[in-house]
Amino acid sequence: MKRSGFRRSPRSQPPGGWALDGRSPSLGYLRTSGDAAGFGPSVGSFRLTPVPRKAAPAPDYRSILSISDEAARVRALNEHLSTRSYVQGFSLSQADVDAFRQLSGPPADAQLFHVARWFRHVAAILGSPRAPAPPCGLQAMTQLCSLPGRQRPAHAAPVVSSSRVRAVPTPPVQQPDPEEEEKFSFRQYYIFTVEKLERPDNQKEKAHSPDVTLLDSDQILSSVCLAVPPHPRLWRSYISFDILRRVLRDYFKFDVFYCMNITDIDDKIIKRARQNYLFEQYREKQPQAVQLLEDVHAALQPFSAKLRETSDPDKRQMLERLERAVRLAAEPLEEPARRGLAGEELDGRVQVLLEEAKDLLSDWLDSMHGSEVSDNSIFSKLPKFWEAEFHKDMEALNVLPPDVLTRVSEYVPEIVDFVRKIVDNGYGYVSNGSVYFDTVKFANSEGHCYGKLVPEAVGDQKALQEGEGDLSISAERLSEKRSPSDFALWKASKPGEPSWPCPWGKGRPGWHIECSAMAGTLLGASMDLHGGGFDLRFPHHDNELAQSEAYFENDCWVRYFLHTGHLTIAGCKMSKSLKNFITIKDALKKHSARQLRLAFLTHSWKDALDYSADSMEAALRLEKLLNEFFLNVKDLLRAPVEVAGQFEKWEDKETELNKSFCDKKAAVHEALCDNVDTRTVMEEMRALVGQCNHYMAARKAARRRPNRALLESIARYLTHMLKIFGAIEEESSLGFPVGGPGTSLNLEPTVMPYLQVLSEFREGVRRVAREHRVPEVLQLSDALRDDILPELGVRFEDHEGLPTVVKLVDRDTLLREREEKKRAEEEKRRKKEEAARKRQEQEAARLAKMKVPPSEMFLSESDKYSKFDENGLPTHDTEGKELSKGQAKKLKKLFEAQEKLHQEYLQLVQNGSVP
């Protein structure tokens, strides 16, 4: 059963039709059938096929319906639905209808969101005027598509998130006439939801990437969008979205318009920029040892209090390590400072303490002087620097640049207008100079729903406060809200924060509003795709949805969310306390961008990915497998052959391989249609290469030439797919280019003719050397192959009775292979020597045992026996008791065995075999 990575939001259940609700095990999953060839403006018809599964039993509402008080009945119903709506999925039953008819309307209490969601579902299906059907239903879209010449409205698409896809069968909808369908200029098969996508108003496919929050290299964030410089949590999203974007654009031929937001105004950015500025000012004053120690001890007091209050074990471990490092750095200064000593050595210790105590002093300085920082340029310097670093890292990873890039600092006027309209529409309110979004009013308004992506998280105060930012969760700030779930659209600036004029006084944008305003300005009232990490679903993306739909007064600002899975480091979450925090620059020192991308391609973009030595080793093996196949095909194509000989008669082996090729292409296409399942794609490509290698080996064993045209077709197809995925950066007609990343020159056609001449000359020299028995020449020939050419990125492969195979390979790869070969040979030699040593030890032990006369073998065991007979056999134990007959018999057998061994030893001595 294939998985699909998008889940319809709680409010998007259509009035009948094919429902998309990711968690139902009861009714199966959506699959496609039909002709999938071609992805132009008109692609033919597709149908949705339900995969039947055992239906879930109808709910039992009898005990709930017997409750006379409606408020109590609704609370009981909410408790019941909390275990049904989100876990088992929703399918309408008569019990639902009976319970629905007993309610006077949807609950007003926002905490009863399970009942609210259930009420809207039932109302949509029954067509009740109390709760009109949401405009995003798939049934409605299908009906519109079935009417010739009818354009699907902009809102007719579901808001979905990463999960499984469930199919709920309803009466069939009349399919459009194929000839009429050809007239629709923007009907395309939409790969994620098994439905045709018509882009309204002749628009492009609009994609909105996750935001980039620009902080410095030490910052690890989970509550804001993403951190810079990029670390594994960031490349997971950006490499994955780059792959998805390329597949949409280059495989399915969508016209993608890609927008990326840069967050350069944010609570954490403000605080870190302020701290950096204050610390640099402090450093420039060149504090003396006594003053520095005094300040460090003062800063340690609030820091120690913070440490005592920290409950998170990883964070606590990190703070303890920082405190320990500061105290160790301060200790060498204590005595010299008391004695008033000075000198270069003391100055060096001062610099060490300054560096170790930077974070601690920065917090302390900010708490005392942060409100005095007022220059806006101080807050822009930090994000500008890290934005440049971010773009360098993305280029190094071969991530395509966005079509448009927006920065919060450049869109403040648009954000102010956006907030003003939300207030005018009745969904925002001003409080003490700040503007907040009224989540309760929005949730209770007709046609809207708050918490679409993660409804069960609504009311999670910890998540909501993290979403508001460190500078916005004081008791004073929280008291300004009508409801704890409300969030800031515009924040009144306090001293020490950047500010911009607006109708409500000087302030700055809230975190969530920036995305809505910037994306809304460029993409309009709706967008097709919105990307982000899994942990951004709530509150960030849910709040984005709410405020944007409040602004546009619609219910489908985003049609589809793409949430990438978590990334772990060697099985652990990335954390400073675990010392597993690495940057992209660090990663690229160990592995190439292609190898990193191959590692990502072999995992589903929506599932967790573990960045570890094992996962990267698997990526290296895959790269080597593909590259060796390409090199072998290139060598085959370079072999001289007549024009007519390029096309040979196919036999059973060729027919079988071609059938497998066709099957694999179909499987790759099906996998890409199934939520861009690159993991399955890479498995199919790996299997295809394996079959080609088996075919070539069989032909080689039979001394027959493989079919050039067939293998070239397969190699070009694989090259094409790898280009689509971004694993091949430069122009290359076949396989991985040799010119190296970032170069436009393809070395192969230029260099290969010369290498071929060298190879043929070397073969001739080796042949003559063998005939005339000149081993020195053969040794020089081997040195050329093993030591000299690899330094130039050239590999010669000698095969008995066959021409030498010439391959151009990346120099670093060849050198790494050479070192691995040397290590393997050294390991083999070491194991051989170890085995010989063990054999010698065993032989020495055996001879030593044989050397002992049987009459003496038990005499040394005085801890077991006290008396012996004339032959040396024990007769009594240590307590003086006579041994039993069984014990004596056993010892007699050992005595006789030793007697034989000793006789063998004496024979060996007599023969001179033993010195």
Review point. So what are the ³J(HN,Hα) numbers for the range 239-248, from phi and the Karplus equation (6.51, -1.76, 1.60; θ = phi - 60°), rounded to whole Hz, Gly and Pro as x?
Key: 5, 4, 5, 5, 5, 4, 4, 5, 5, 4
Check your understanding: Out of the range 335-420, which trypsin sites (Lys or Arg not before Pro) are coil in DSSP terms and have no more than 10 other C-beta atoms within 10 Å?
Key -> none
**Study point:** Two-decimal Rg/Rh across the range 815-875, once Rg and the Kirkwood Rh are taken from alpha-carbon atoms
**Key:** 1.47
Check your understanding: So, in nm, how far is label Ser63 from label Asp614 when the simple model puts each one 7 Å beyond its Cα toward the Cβ?
Key -> 4.5
Exercise for review: Return the inverse of the average 1/r over all pairs of distinct C-alpha atoms in the range 612-737, which is the Kirkwood hydrodynamic radius, in Å to one decimal.
Suggested key: 15.5
**Study point:** Kirkwood Rh and Cα Rg combined as Rg/Rh, the range 284-385
**Key:** 1.03
Check your understanding: For the range 517-587, what does the equivalent ellipsoid look like in terms of its semi-axes, each the square root of 5 times an eigenvalue of the Cα gyration tensor, given largest first in whole Å?
Key -> 33, 12, 10
Review point. Near the amide H of Phe257, under 5 Å away, which other amide H atoms are found, from residues 5 or more places off or on another chain, if H is placed in the peptide plane?
Key: Glu205, Lys206, Ala207
Study note, to complete from the structure: Any residue on another chain or 5+ positions along whose placed amide H is under 5 Å from the amide H of Val914 is listed here as Val909
Point to revise | Contour minus Cα-Cα distance for Glu870 and Ala888 (0.36 nm per residue) | key: 5.0 nm
Point to revise | Largest-first principal axis extents of the Cα set of the range 768-850 (Å) | key: 59, 37, 21
Study note, to complete from the structure: Cβ density ranking, 10 Å radius, fewest first, applied to Thr750, Thr568, Thr310, Thr406 yields Thr750, Thr310, Thr568, Thr406
Practice item. Compute the Rg/Rh shape ratio of the range 546-641: radius of gyration over Kirkwood radius, all on alpha-carbon atoms. Key: 1.22
Exercise for review: Would you calculate the volume per residue, in Å³, of the smallest convex hull containing every Cα atom of the range 767-813?
Suggested key: 70
Review point. Mean projection of the alpha-carbon convex hull of the range 425-571 over all orientations, in nm²?
Key: 10.1
Study note, to complete from the structure: Relative contact order of the range 612-737 (C-alpha contacts under 8 Å, at least 6 apart) in percent is 33
Check your understanding: Using θ = phi - 60° and the Karplus curve 6.51 cos²θ - 1.76 cosθ + 1.60, what whole-Hz ³J(HN,Hα) does each residue of the range 386-401 get, with Gly and Pro shown as x?
Key -> 6, 5, 4, 5, 4, 5, 4, 5, 5, 5, 5, 8, 6, 8, 4, x
Review point. Once the piece of chain linking Ala666 and Glu841 is laid out straight, how much longer is it, given 0.36 nm per residue of separation minus the C-alpha distance between them?
Key: 56.9 nm
**Study point:** Derived scalar couplings ³J(HN,Hα) [the range 406-418; Karplus, 6.51 cos²θ - 1.76 cosθ + 1.60; whole Hz; x for Gly, Pro]
**Key:** 10, 10, 4, 4, 8, 10, 4, x, 5, 5, 4, 4, 5
**Study point:** Inter-site label distance for Asp787 and Ser367 at 7 Å from Cα along Cβ, in nm
**Key:** 6.5
Review point. Got a sec? Which residues in the range 272-301 would a label at Glu355 touch, if it sits 7 Å along Cα→Cβ and we count backbone N under 14 Å?
Key: none
Exercise for review: Set the Förster radius R0 to 60 Å, insert the Cβ-Cβ distance between Tyr754 and Glu833 as r into 1/(1 + (r/R0)^6), and round the FRET efficiency to 0.05.
Suggested key: 0.90
Point to revise | Thr564 long-range amide H proximity, modeled H, under 5 Å | key: Gly532, Gly533, Phe534
Check your understanding: With a sphere of radius 14 Å drawn around the Cβ of Gln840, what net charge do the other residues whose Cβ falls strictly inside it have (Lys, Arg +1; Asp, Glu -1)?
Key -> +1
Practice item. Rank-order 818-829, 699-710 by packing density, defined as the average count of other C-beta atoms within 10 Å over each peptide's residues, highest first. Key: 699-710, 818-829
Check your understanding: Between Ala709 and His297, how many nm apart are label points set 7 Å from Cα along the C-beta direction?
Key -> 8.9
Point to revise | Per principal axis, descending, Cα span of the range 852-915 in whole Å | key: 44, 20, 17
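Throughout, read-outs are computed from the coordinates displayed, never taken from laboratory work. Owing to the predicted nature of the structure, the values given are computational and were not obtained by experimental measurement. Every residue, glycine among them, receives a Cβ derived from its backbone with ideal geometry; neighbour counts consider all protein chains shown.
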